[in-house]
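All of the numbers you see were taken from the coordinates with simple rules; none came from a lab. Note that the structure is predicted; figures quoted are calculated from it, not measured. Don't worry about glycine lacking a Cβ; one is built from the backbone with ideal geometry, like all the others, and counts go over all protein chains shown.
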Amino acid sequence: MPRFTKYKPYYLDLCIFIALIICGAALYFLPLQNASFYYDDRASIVNNEVIKKIDIPKIFNAFNTRSLVGLSFALNYKWCQLNPFGYRLTNLLIHCLNAFLVYLLIKSTLNPANRWAATFGAILFLCHPIQTETVNSITQRFVLMASFFYLLTIILYIQYRCRSQKRYMILSLISAIAAMFCKEFTVTLPLMLCLYDFYFLNCHSEPQGRRISNWMRSFASLRMTIPFFAIALIVPVLLLRTPREAIGPANIADPSSNHGHIDITRAKGSISREGYFLTELNVVRTYVRLMFLPINQNFDYDYPLSYKPDITTLLSGAFLLCLLVLAAVTRRTYRIISFSILWFFISLSVESSFVPIANVIEEYRLYLASVGFVFLAVDLLYIRKADVRKLNMIAAAVLIGFSVLTYQRNKIWKDEFSLWDDTIKKSPHKARAYNNRGLEYYGQGRLTEAISDFSKAIEINPNSAAAYNNRGVLYEIKGNKTQAISDFNKAIELNPGYAGARRNLDGLRHAINN
């Protein structure tokens, strides 16, 4: 059971928080200097008129279940307009806060006096290379803020359970409500509270004769989580009330249903439910590998889809099932290991299960799940009886190795051209990567290379209306009006609602007629 002791030198915790900020600034120094926005940032921030004024009803209508993050974008805009530095600095500070919350969670779960173990866990969370996309992509503040309130809710709930002071319960409920307005995966929060309560707030190591009373206490403690289950209903209720015209920038649901509202059980542009589930068996296996061996990271994976249970998919499913069995059999003897495995799976359960999302694999989905990995690493290094000096050397080697990988990965994030260039090297058959690198070539005035990339995107995906429109713009600039008109018409044919292509076509025809 978590133990709380009264420490007078709270300045030690403050020093650790300051150290985390310094480490974070050192690791993310290069991306902080980037003077441009990335990909989804343009829809969420640059071209989003809603955030350019603090109008809460409009922000709520545009962002819906993510409206609290939309409000943070509006505050950022009021502070620094469209200067990316202010947005990235905010993301980095939230990441450092989350690392500090991981420190507090580990410290309250294990021996509070073992600050080094908790500090190791916090730095590991901070410097893990898998966090780079979440921190550098401003739009992924959805994940950062959702994780912040998620972790804060758990910590406050622990305080309430251990100290029986109602103010902690009230603050925990407020934090849970805030989490529901950041991102949809926060609906798993009540389940995570039950998991933590079951593992650490009720003792299961007593003799057999007392285990019945332990189970009774576990069921009794579940009553305390009922308000959190009620709060979790905020997400589906908000999604159900969302009209077709207000899906928001994230395409978090499918507006193509025949009903008056969107289908909240799938995202726009997603594959079949069965295909998504089978694919995610392989994806989650990849996620496990990325936690332990974070190499060959990719901003836009060209991941193979599984529409039937082939041998690779079956082996992946068997591997994941073995992990769940391991969590079950180690529940009493190796409680932290069991808890860390279940944390990992619960954190991924919304986005890697039966709810199809357009992109089957995204590194930012591992942000909260990585807390489970951190608990596992802390347990393996600091809970076992061993030579402390050797363990510290291993821990230092892990932190240094991950920090180097993070710094190297952040070099890729120093500008959008290097990001898409790296993506094309790792996903040479992704049309989106070529289209976006073509836009970067265009921004640099390298029109020939840009046309080549747009043509490659069309070759890979002949149904890419954006690539046709972009190539048409460049043909117009180069004076090839016939080819430009052809590309604009093709873009409109593929997407009749493509307003940008229609404007470009009308403008070119007007220029020709005059």
Relative contact order, percent, of the chain when contacts are C-alpha pairs under 8 Å separated by at least 6 residues? 15 percent
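By the gyration tensor of its Cα atoms, with a ≥ b ≥ c the square roots of the eigenvalues, what is the shape of segment 289-414: rounded for a/c under 1.5, prolate for a/b over b/c, or oblate?
Verdict is oblate for segment 289-414.
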Counting pairwise Cα distances across segment 429-513, what percent come out greater than 20 angstrom? 27 percent
Kirkwood-based Rg over Rh for segment 90-171 (C-alpha set), two decimals? 1.02
Quick one: which of 167-180, 226-239 comes out on top by average Cβ neighbours within 10 Å, and what's the full order, highest first? 167-180, 226-239
Sorted by packing (mean other beta-carbon atoms within 10 Å per residue), highest first, where do 463-471, 480-488 land? 463-471, 480-488
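Considering only Cα-Cα distances, which of the following residue pairs are longer than 29 Å: Lys107/Lys183; Lys58/Lys481; Lys456/Lys478; Lys52/Lys414?
Lys58/Lys481
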Among the lysines, which have Cα under 21 Å from the Cα of Lys53 when same-chain residues fewer than 8 positions away are ignored? Lys78
When N is the residue count of the chain, what does its C-alpha Rg come to as a fraction of 2.2 N^0.38 Å? 1.04
Summing +1 for each Lys or Arg and -1 for each Asp or Glu, what net charge is found among the other residues whose Cβ lies under 14 Å from the Cβ of Ala74? +4
Using only alpha-carbon positions, what ratio does the radius of gyration of segment 353-457 give when scaled by 2.2 N^0.38 Å? 1.58
Return one number: the angle in degrees, 0 to 90 and rounded to the nearest 10, between the long axis of the Cα atoms of helix 431-443 and the longest principal axis of the Cα atoms of the chain. 70 degrees
May I ask which residue of Phe373, Ser352, Ile51 lies farthest towards the positive end of the charge dipole of the chain, with charges of +1 (Lys, Arg) and -1 (Asp, Glu) on Cβ and the Cα centre as origin? Phe373
I'd like the orientation of helix 67-80 relative to the chain: the angle between its Cα long axis and the longest Cα principal axis, in ° from 0 to 90, rounded to 10. 70 degrees
